[in-house]
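Below is one structure; the comments refer to it alone.
The values are calculated or read from the model by the stated rules, or taken from the named source; none is laboratory data. Please read all numbers here as calculations on a predicted model, not as lab measurements. Here the Cβ positions follow ideal geometry from the backbone for every residue, glycine too, while neighbour counts run over all protein chains shown.
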Amino acid sequence: MRVGELLVDIGPLRTSRDFRAIFVARIVSLFGLGMATVALSKQVYDLTGSTFGVAVSSMIMSVTVLVGSLWGGWAADRMDRRKLILWARASAALAFAGLAVNAFTPDPQLWAVYLCVAWDGLATGVSVTALMAVAPTLVRPDQLPAAGALISLTGEIGSVAAPFLGGVLLALSGPGPVFAFTAVTTAVTTLLLLRLRPLPPVAEDDEDGVEDSGSPLAAFRFAVRHRVVGALLALGGINALFNMPVVLFPEMVDKRFGGGEVMLGLLYTAPAVGAILVSATSGWITRAARPGRLLLTAAFAGGLSIIGFGLSGSAAVAFAMLAVGGAAGTVYEILEYALVQHHTPDRLRGRMVSVLTAQGTTGDVVGDVEVALVAKWFSPVGAAVVNGVVCAAAAVVVAVTVPGLRRATLPREEEEPGDEGPPADDLVAVTPAGAGPTTAQLLAADGGSPTTAKQLTAEGSSPTGG
């Protein structure tokens, strides 16, 4: 492989005007949001004098993002996604404007902060879901991994640079100008997204055998029956619950590594360092001949890195293990994103995104509680080792029991779009009594496979975010 092939593939930026618009809008948005996050936590802490108040604002954001995503997933499968995205981003700009106005008043009100946070969470959930559902009109099927890598790279860079810049602006001028800046950047992203063409949902036949009643549960039923998508959701759920134990960092620094706040900051930075290195050199990932096998390997390596972090006796080894974990997690996320969206029909894509968002949101919250309880019962070292063992073992179990995921592929550049779809045996056909054979069964008998499309994550966190 040539050196140039190791670098991040910018093909989607060259070939798709719509992807370029979303990519630029995402960069602008991430910097504004990252800066606002710092200002918001500081303002809430100053108003309440407690960490609990900051936790409440975080909880409000998580819950409203979840609600917005669930509704947005349904709406994205029922209306023009461009209109949905624009309305959601404009609403988010109003929320940040409200935070700015409140911050500039002589006596800022906590209830106004929480109200604006809730409004922004709803808008963010809707926009993230709708943006993820528009991919079939943005990039070619063979460019899905490259698009995911580009999105991941901007997210990781933003997570490192934006909070620092937000802290500087906050120290110089207070929270009001930071929120005002974020309101402006969010408005700019809305204007950039005006360039998108109309994006109505694509009408498709129910060739996957799952009747679409319009219910949010339709995507879940599809995932249960589809071996590749179902396996990815199961493995992703386990990873969300037992992945990187960041809540252990303060205690590990206090009792094991030392170094105070500087070391704590380095531990939080370590996963992003690994993620940036992988995203910047992701050409080999996007060209992988066996993406399913590579995904499982990354999941296993991620589990081992958590074990290594727990057992590390020095800060340098801990930093290295966390960087490896961040790198493995990025490989996993790029390929999970591409495989799930490639195998999901467009008519279910919005609701599938909402399922993934719900999984990640609830998994992170419950996972923090899980690792905290295990650390209390045993020790921080034991909690990290348990989490790592569970993640590594889950990757092995899925690899053994779901051969369809091991064999899963993505369209290659030399193929015509639509030539490749999921293997016919990836769909668990369930034919009602007295009914004829399903499309999947007919294709299996004929040696063909149903064709699916692609999808792009365009905003927010992991690789999507708000």
**Prompt:** In the range 71-83, is there at least one residue being surrounded by fewer than 21 Cβ atoms within 10 Å (Cβ to Cβ), farther than 22 Å from P198 by Cα and acidic (D, E)?
**Reply:** no
**Residue count for the range 137-179, restricted to those that are aliphatic (A, V, I, L, M), assigned to a helix (DSSP H, G or I) and buried (at least 18 other Cβ atoms within 10 Å of the Cβ)** = 11
**Asked** So L217 fits all but one of (1) over 18 Å from the mean Cα position of the chain (by Cα); (2) more than 23 Å from R78 (Cβ to Cβ); (3) modelled with pLDDT under 85; what number is the exception?
**Response** (2)
**Asked** Does V396 fit the bill of being surrounded by fewer than 16 Cβ atoms within 10 Å (Cβ to Cβ), at pLDDT 90 or above and not in a loop (DSSP other than H, G, I, E, B)?
**Response** yes
**Prompt:** Of the residues L248, L241, L322, which is part of a helix (DSSP H, G or I), of a type outside the set (S, T, Y), in contact with a Leu (Cβ under 8 Å, 6 or more places away or on another chain) and crowded, with 18+ Cβ neighbours inside 10 Å?
**Reply:** L322
**Request:** Residue by residue through the range 81-110, note down the ones that are modelled with pLDDT of 95 or more and among the aromatic types (F, W, Y).
**Result:** F96, F104
**Item:** Qualifying residue in the range 36-45 (condition: under 26 Å from V278 (Cβ atoms) and either part of a helix (DSSP H, G or I) or in contact with a strand residue (DSSP E or B) (Cβ under 9 Å, 6 or more places away or on another chain) (or both))
**Value:** yes
**Members of the range 11-31 found to be within 17 Å of P145 (Cβ to Cβ) and either among the aliphatic types (A, V, I, L, M) or without any contact (Cβ under 8 Å) to a residue 12 or more places away in the chain (or both), listed by number** = L13, R14, I22
**Prompt:** Residue check: is R26 basic (K, R) and either under 19 Å from the mean Cα position of the chain (by Cα) or part of a loop (DSSP other than H, G, I, E, B) (or both)?
**Reply:** yes
**Asked** Among the listed residues I85, I60, which satisfies the condition of being in contact with a Phe, Trp or Tyr (Cβ under 9 Å, 6 or more places away or on another chain), among the aliphatic types (A, V, I, L, M) and closer than 20 Å to T129 by Cα?
**Response** I60
